[in-house]
1. Taking only region 82-137 into account, find how many residues are assigned to a helix (DSSP H, G or I) and closer than 24 Å to PRO289 by Cα.
2. Would you mind stating whether ALA27 is touching a Pro at 6+ places or on another chain (Cβ under 9 Å), modelled with pLDDT of 85 or more and over 17 Å from HIS100 (Cβ atoms)?
3. Just checking, how many residues over region 150-173 are part of a helix (DSSP H, G or I) and hydrophobic (A, V, I, L, M, F, W, C)?
4. Could you please find all residues in region 12-32 being part of a helix (DSSP H, G or I) and among the β-branched types (Val, Ile, Thr)?
5. Being over 30 Å from ALA111 (Cα atoms), under 22 Å from the mean Cα position of the chain (by Cα), modelled with pLDDT under 95 and surrounded by fewer than 19 Cβ atoms within 10 Å (Cβ to Cβ): is that true of ARG283 here?
6. Checking ALA111 against (1) surrounded by fewer than 20 Cβ atoms within 10 Å (Cβ to Cβ); (2) in contact with a Gly (Cβ under 7 Å, 6 or more places away or on another chain), only one condition comes out false. Which one?
7. In region 33-41, is there at least one residue being without any contact (Cβ under 8 Å) to a residue 24 or more places away in the chain, under 26 Å from the mean Cα position of the chain (by Cα), surrounded by 23 or more Cβ atoms within 10 Å (Cβ to Cβ) and in a helix (DSSP H, G or I)?
8. Only residues that are among the charged types (D, E, K, R) and either within 12 Å of the chain's Cα centre (by Cα) or surrounded by 17 or more Cβ atoms within 10 Å (Cβ to Cβ) (or both): list them for region 236-266, please.
Amino acid sequence: MLTDRYGLSLSTSSVAARDAYVEGCEAKLTMHPGAIEAFDRAIAEDPGFALAHAARAHALLERGDAAAARASIAVARVFLRSWLMTYPRNGALYSHLSWHLALGELEAGDAAASVQLFREAFAPDVHSGPPRGKVNDTVSFLWRCELAGHSRNEEQWHLIHHVANSAFPRAGVAFSDMHAALAHVVVGDDWGLEERMQQINSLACRGRYPSGPLVPAVARGFAAFERCDFSATIDTLNPIAGELERIGGSRAQLDLVEFTLLKAYVDLGRPDEARRMLDRRRRGSLSPPVAGLTAAG
């Protein structure tokens, strides 16, 4: 299997496509001209090379050509859908990769497609991965749907709250605790939330919880948002937005917290601050599926 300059596997069998992609990445990362042209050559050599389409989309977005960027990322996303059809349904990553695809559909504005993927591929009763993935994928997707302006799925929230309590009855892993805390918040389990926060604080005091006070802070931010106290949401989440990596998880997963903060700015009528936050983001999507954000801009 071909690899890039960092030894990472690529989804192309074309040496010419690989070489052009590597050239494009080097130009893009060093801000030299020719990145998009190199990605175009990679795509010409292998039209199904999804990573080249995705890299081209990001380069176009940096240039300010959002329409062309959306077209490129759409091709990279069709790739994932077709590839998943060849991946075993009971494979450990089938559901999590479907979660990524559903996020793409949500960002593209196709809520029906994203919800269909959720129901068929990574809802709690069909998820193929371990309990950690089942909780994280479900909780983050349901919350993102609401931030995008869609109705709450009470049944699924109560189901995943039960799964989270069963799989993680005690605090211990920050990233899973963050998602379990959000489930506590949504279903109104104040006792469960308080108990988990006390466990985290106890572990942190003994030096056994590396992320320290971050998860309790995020939980307070979620709780404030749930009760529509958007000022408190901002006051709680804004100071820690630059430290979220300490909780763990990928960039796509940590968007959960930042999207909540963006929505709080929008709902409080502070669109300029939302746009400034969006402009200085270090990671993830530059067009988050947050209801009202486009109008605010």
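1. Total satisfying the criteria: 33.
2. yes
3. The number of residues fulfilling the criteria is 6.
4. Residues satisfying the conditions are VAL15, VAL22.
5. No: the conditions fail for ARG283.
6. In the conditions (1) surrounded by fewer than 20 Cβ atoms within 10 Å (Cβ to Cβ); (2) in contact with a Gly (Cβ under 7 Å, 6 or more places away or on another chain), ALA111 misses (2) alone.
7. Within region 33-41, one or more residues are without any contact (Cβ under 8 Å) to a residue 24 or more places away in the chain, under 26 Å from the mean Cα position of the chain (by Cα), surrounded by 23 or more Cβ atoms within 10 Å (Cβ to Cβ) and in a helix (DSSP H, G or I).
8. Answer for region 236-266, where residues must be among the charged types (D, E, K, R) and either within 12 Å of the chain's Cα centre (by Cα) or surrounded by 17 or more Cβ atoms within 10 Å (Cβ to Cβ) (or both): ARG251, ASP255, GLU258, LYS263.
The values are calculated or read from the model by the stated rules, or taken from the named source; none is laboratory data. Bear in mind that the values here come from a model prediction, so they are computed numbers and not experimental data. No Cβ is skipped: glycine too gets one built from the backbone with ideal geometry, and neighbour counts run over all protein chains shown.
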